[in-house]
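Got a structure here, written out as structure tokens. Questions coming.
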Amino acid sequence: SVVEISVISLFPEMFAAVRDYGVTGRAVQNGLLSITCCNPRDFTTDRHQTVDDRPYGGGPGMVMKTEPLQQAIALAKASVAPGATVIYLSPQGRPLTQAGLAELAAKPSLILLAGRYEGVDERLIDSEVDEEWSIGDYVLSGGELAAMVMIDGLSRLLPGVLGHHLSAEQDSFAEGLLDCPHYTRPEHYRDMAVPDVLLSGNHEAIRRWRLKQSLGRTWLRRRDLLEKVELGDEQNKLLAE
Ligand code: ADE
């Protein structure tokens, strides 16, 4: 069940970062994920290959023109599985969460529109875009990094992408909590020892310690998350201790 992604971007070379490296790169190599790019500049007809223009009403910055984007989206649609969801990345979109990534990972094909300048002509969004998503309440200089955040986050939820099939389920946020601390050798670093329980071989005690650490850290750092999550009996007991 490959997920086919085509990105609309003026800077397609940037996507080497997800295509060629790490977990996402391996997913591409193993045929679990495909990432292609369509450059709107390839669909310009004027001598200067113009993809942007001045905003109606005046003001600073430039706006991406409809025509090159529309044609790039048409080619992208033809190059992925039918029925692709067209997604525009912008700060005005739905906030991306782990649950949102799971929804996106369940789709057979995605077209990710990465804007530059002040954004794209609203009529292109109205006519071609199915969903608008934001990766957080801050402004990036283009949608490419946001699209790559989305690709990275969803690819590690695809069956067969993470070596360990429990890895994604044991993630921070899989249960709506922050992750527990992790340790590896050496057993002593500077004046700090690895917590005894992790050396005990008692898997049930280790599981409970990790859950308690997750709850404690979430309470201290992100109380907003604890208010959203439905805690089980064991979690409520550990939180009270
Ligand atoms: N493009 C610019 N800023 C963005 C953001 N915060 N999320 C998604 N796309 C963006």
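How many angstrom lie between the Cα centre of the stretch 82-129 and the Cα centre of the stretch 35-71?
After rounding, the separation between the Cα centres reads 18 Å.
In the chain, carbon and sulfur make up what percent of the accessible area (probe 1.4 Å)?
51
What base-10 log of the normalised intensity I(q)/I(0) is obtained for the stretch 1-133 from the Debye formula, alpha carbons as equal point scatterers, at q = 0.12, 0.13 Å⁻¹?
-0.49, -0.57
Kindly point out which whole DSSP H helices in the chain project their C-alpha atoms 15 angstrom or further along the helix axis while averaging a Kyte-Doolittle hydropathy of 0.0 or above.
66-78, 144-155
Quick one: if you stick a label point 7 Å off each Cα along the C-beta vector at A193 and T44, how many nm between them?
6.6
Quick check: pseudo-label points 7 Å beyond the Cα along Cα→Cβ at D179 and D224, how many nm apart are they?
That separation, rounded to one decimal, is 2.1 nm.
Peptides 26-35, 214-223: what's the order by average Cβ count within 10 Å, highest mean first?
Ranked by mean Cβ neighbours within 10 Å, highest first: 26-35, 214-223.
With runs of 4+ DSSP H residues as the only contributors, calculate the mean residue ellipticity of the chain at 222 nm using -39,500 (n - 2.57) per run, divided by the residue total and rounded to the nearest 500.
So the calculated ellipticity at 222 nm is -10000 deg cm²/dmol.
Compare Q70, Q170, Q98 in a GNM of the chain, Cα atoms joined below 10 Å, and give the one with the largest fluctuation.
Q170
Each label point is 7 Å from the Cα along the Cα-to-Cβ direction; what then is the distance between the points at H203 and Q71, in nm?
The modelled label-to-label distance comes out at 6.0 nm.
Considering only DSSP beta bridges where both residues belong to the stretch 40-141, give the percentage that are antiparallel (nearest 5).
Of all bridge pairs located within the stretch 40-141, approximately 15 percent are antiparallel.
Something else about it: Given H placed 1.01 Å from N in the peptide plane, which residues other than close sequence neighbours of L113 have an amide H under 5 Å from its amide H?
Those lying under 5 Å, H to H, from L113 are I8, I87, Y88, L89.
For the stretch 85-241, what is the convex hull volume of the alpha-carbon atoms per residue, in Å³?
Dividing the Cα hull volume of the stretch 85-241 by its residue count gives 167 Å³.
Further question on the same structure: Among the lysines, which fall within straight-line cross-link reach of K77, defined as a Cα-Cα distance under 22 Å, with same-chain neighbours fewer than 8 residues apart omitted?
Cross-link targets: K65, K107.
Once you have all Cα-Cα distances for the stretch 1-46, histogram them in 10 Å bins from zero and send the whole-percent values.
27, 46, 20, 6, 0
Normalised by the number of residues in the stretch 35-99, what is the relative contact order in percent for Cα pairs under 8 Å and 6+ residues apart?
Here the relative contact order equals 28 percent.
Before I look further, what does the chain give for accessible area per residue, probe 1.4 Å, in whole square angstrom?
Result: 59 Å² per residue.
Within the stretch 213-241, find all residues whose amide N lies under 18 Å from a label point positioned 7 Å from the Cα of Y138 along Cα-to-beta-carbon.
222
For the stretch 167-180, take each phi angle, set θ = phi - 60°, evaluate the Karplus expression 6.51 cos²θ - 1.76 cosθ + 1.60, and give the result in whole Hz per residue in order, putting x for glycine and proline.
Ordered by residue, 3J(HN,Hα) equals 4, 5, 6, 8, 4, 3, 5, 4, 10, x, 10, 6, 6, 7 Hz.
Connecting C-alpha atoms closer than 10 Å in a GNM of the chain, tell me which of P159, P186, P40 has the biggest fluctuation.
P186
At q = 0.16 Å⁻¹, what log₁₀ I(q)/I(0) does a Debye calculation on the Cα points of the stretch 194-241 give, no solvent, two decimals?
Log10 of I(q)/I(0), two decimals: -0.48.
Ok, one more. What is the list of residues in the stretch 196-220 whose amide nitrogen lies under 15 Å from a point 7 angstrom out from the Cα of K237, following Cα to Cβ?
Output list for this probe position: 204-212.
The values are calculated or read from the model by the stated rules, or taken from the named source; none is laboratory data. Note that the coordinates shown come from a computational prediction; the quantities given were computed from them, not determined experimentally. Positions of Cβ are backbone-derived with ideal geometry, glycine not excepted, and every protein chain shown enters the neighbour counts. Side chains are part of the model used for accessible areas, which takes the heavy atoms of the whole protein and leaves out ligands, DNA and RNA. Shrake-Rupley method; radii C 1.70, N 1.55, O 1.52, S 1.80 Å.
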